[in-house]
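J.: Sharing a structure here in structure tokens format.
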Amino acid sequence: MSNNIFARCMAISMSHFLNTPYKEQTITEMYAPDGFANKASGICHYCTVDTLKEILNNGCLRFSDVRFLNDSTEFIEIIPLIENVLSCNEYTSDFRKLILESVEMEELKKYYQSYTGFSRITHKYEQKIYRTYTCSFSTENDSLSMWNYYASSGEGVSIAFNHSWDMFEGSDKSEVNIGEKLKNDIMIYRGLIVYKREDKKKCIKELLDALQQIYNEAKNEIEKYRGHILFAFRESINHMRCFFKNESFACENEYRIVLKIPEELLLAEECSGDIKKKGQFKRGNILIPFVDYKFKRDSIKHIVTNPFIREENSMFELGIRELLWQNKMEDVDIFSSGIPIRKYS
């Protein structure tokens, strides 16, 4: 039984359970043009034209620290949800106690998380602290709510990518929600944001159901397997928590890419691997930690200009065409937004 339980716990620890809300869909629904299975194709990044210039000239996308996102509940919202799901009578009191009173549960309330990885300093496997950075995309490349957020000044564009699995070296699995290891022990997670409270609870419940089943089988030797069960719990929660967002932001239709980066890489004097720049940028009066991470420029499919640009053959579009030409990307198409909005001066 020992090897079986260990293997099952390890499998759960590498899972994210983000596919749970879609399990009741039929194959036809999943693979419809706007179905779940197609959500990793054609994702787009809304930004200003200045940011577009930086992205193309540097060949990098900017990832910012998860603590500085526009939803102030992110990363910590999952804690009360776990407690809520565990309050159901489906779970035994001793299993609830195992989870709620664990050190792992307390660790989840903190930003700093650890994992076992290979240290570039000691050249040994050891517990390492990582920090979490995200880059946001949308599954809608011509969204009025996103234009209002990013382009009300008339400076916005939407950069559409062919597929999320063709954007970064080492991340090429085609699943919508996926996690993979990149260079230097960096972990990348890609997936759809879950907005609905009930959908989030479904993800957590599927995890807890699997863990309680293991707990019940191992109950007579629980001291032997306690650590395996709690490790699987903590790891899986850490995988899914970066894809939970308050339902008020549902209009964004966000697809997110997350990098979990060892602190030792961020503290090193020189950037390494595909991290090309790191530091802080200023938004308002706030300094926000960031990393600029190399992506494949040929993964860009097309660019959409914002709906506030209306003149035929505009100078705005001409400037973008010249930027593409200078970066040898003339095969990237430029489209005008199809939203018929009127802007008053």
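J.: Could you point to the residue in 61, 79, 3 farthest towards the positive end of segment 1-98's charge dipole, with +1 and -1 charges on the Cβ of Lys/Arg and Asp/Glu respectively?
T.: 3
J.: Still on this structure, please answer the following. Considering only C-alpha atoms, what is the centroid distance from segment 277-296 to segment 45-92, in Å?
T.: Each part reduced to its Cα centre gives a spacing of 15 Å.
J.: If you take the charge dipole of the chain about its Cα centre, with +1 on Lys and Arg Cβ and -1 on Asp and Glu Cβ, which of 133, 324, 105 is farthest toward its positive end?
T.: 105
J.: Rank 156, 33, 191 by how far each Cα sits towards the positive end of the charge dipole of the chain (+1 on Lys, Arg Cβ; -1 on Asp, Glu Cβ) and give me just the farthest.
T.: In the chain, that residue is 191.
J.: Run the dipole for segment 1-149 about the Cα centre, Lys and Arg Cβ at +1, Asp and Glu Cβ at -1, nothing else charged, and hand back the magnitude in debye, nearest 20.
T.: 680
J.: Further question on the same structure: Calculate the dipole size of the chain relative to its Cα centre from +1 charges on Lys and Arg beta carbons and -1 charges on Asp and Glu beta carbons; express the result in debye to the nearest 20.
T.: Numbers: 46 positive and 51 negative charges, 118 e Å.
Magnitude of the dipole: close to 560 debye.
J.: For Cα Rg over 2.2 N^0.38 Å, the choices are (1) 1.50; (2) 1.08; (3) 1.80; which was calculated from the structure?
T.: Identified label for the calculated read-out: (2).
J.: Relative contact order for segment 1-145 using alpha-carbon pairs under 8 Å, separation at least 6, rounded to a whole percent?
T.: It comes to 28 percent, rounded to a whole number.
J.: With only Lys, Arg, Asp and Glu charged, each at its Cβ (+1 for the first two, -1 for the last two), find how big the charge dipole of segment 139-189 is about the Cα centre; round to the nearest 20 debye.
T.: Dipole of segment 139-189, to the nearest 20 debye: 120 debye.
J.: Would segment 187-234 count as rounded, prolate or oblate if I go by the C-alpha gyration tensor, calling it rounded below 1.5 in a/c and otherwise prolate when a/b exceeds b/c, oblate otherwise?
T.: Since a/c reaches 1.5 but b/c is at least a/b, the shape of segment 187-234 is classed as oblate.
J.: Listed here are the pairs 53/173; 23/202; 282/328; 128/183; 183/277; 181/296; which of them are more than 20 Å apart at the Cα?
T.: With Cα atoms farther than 20 Å apart: 53/173; 282/328.
J.: Go ahead and estimate [θ] at 222 nm for the chain from helices alone: -39,500 (n - 2.57) per DSSP H run with n ≥ 4, summed, over the residue count, rounded to 500. Please list the in-between numbers first.
T.: Numbers: 11 runs with 114 residues, N = 345.
One gets -10000 deg cm²/dmol as the mean residue ellipticity at 222 nm.
Throughout, read-outs are computed from the coordinates displayed, never taken from laboratory work. Quick caveat: nothing in here was measured; it's all calculated off a predicted structure. With ideal geometry, Cβ positions are generated from the backbone for all residues, glycine too; neighbour counts draw on all protein chains shown.
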